[in-house]
Amino acid sequence: MAIGTGSFLGGISRFLLSRFVQNQVISSFPYGTFVVNIIGCFIIGILYGLFEKDQLLSPEWRMFLTVGFCGGFTTFSTFAGENYSLLKDGNILYAAMYAATSVFLGIMAVWLGNLLIKLI
């Protein structure tokens, strides 16, 4: 139940934030998903930092927040589908930029979130 509820809330949050971001720009680049995925990576870095630092939450709450909420909030399938669409439409440069920056910045966001908690 905890994972399902977290995923439900994360999915709704992803949809709303992604649509909001994408509506702010006119571009074939999928900024909405990009922003959501980087924010989700940062959040999970913060959560892992908190979990390592203190035994703040029960295992159920940890699963709710990481697997449930962050899993529902971020989306690899949408990321892959958008890259496919970019490639199919001949936007090879955008597809390469999207894939490379998403992976690099996602990993950096996890690291920065974790580092932030360690510095506090």
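The values are calculated or read from the model by the stated rules, or taken from the named source; none is laboratory data. Just so we're clear, the structure is a prediction, and the values are computed from it rather than from any experiment. A quick note on method: Cβ atoms are made from the backbone with ideal geometry, for glycine too, and the neighbour counts reach across all protein chains shown.
Points worth noting:
- Here segment 42-85 is the region considered, the condition is being of a type in the set (A, V, I, L, M) and outside any helix (DSSP H, G or I), and the residue that is nearest to MET1 (Cα to Cα) is LEU57.
- Qualifying residue in segment 106-114 (condition: at pLDDT below 95 and closer than 27 Å to THR5 by Cα): no
The rows are residues; the columns are (1) surrounded by 13 or more Cβ atoms within 10 Å (Cβ to Cβ); (2) at pLDDT 95 or above.
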position: THR5; (1), (2): yes, yes
position: ARG14; (1), (2): yes, yes
position: ILE26; (1), (2): no, no
position: PHE29; (1), (2): yes, no
position: LYS53; (1), (2): no, no
position: LEU57; (1), (2): yes, no
position: PHE64; (1), (2): yes, yes
position: PHE69; (1), (2): yes, yes
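- Any hit, segment 30-41, residues being part of a helix (DSSP H, G or I), over 11 Å from the mean Cα position of the chain (by Cα) and in contact (Cβ under 8 Å) with a residue 60 or more places away in the chain: no
- Scanning segment 77-94 for residues that are without any contact (Cβ under 8 Å) to a residue 24 or more places away in the chain and under 16 Å from GLY10 (Cα atoms) yields one hit, SER77.
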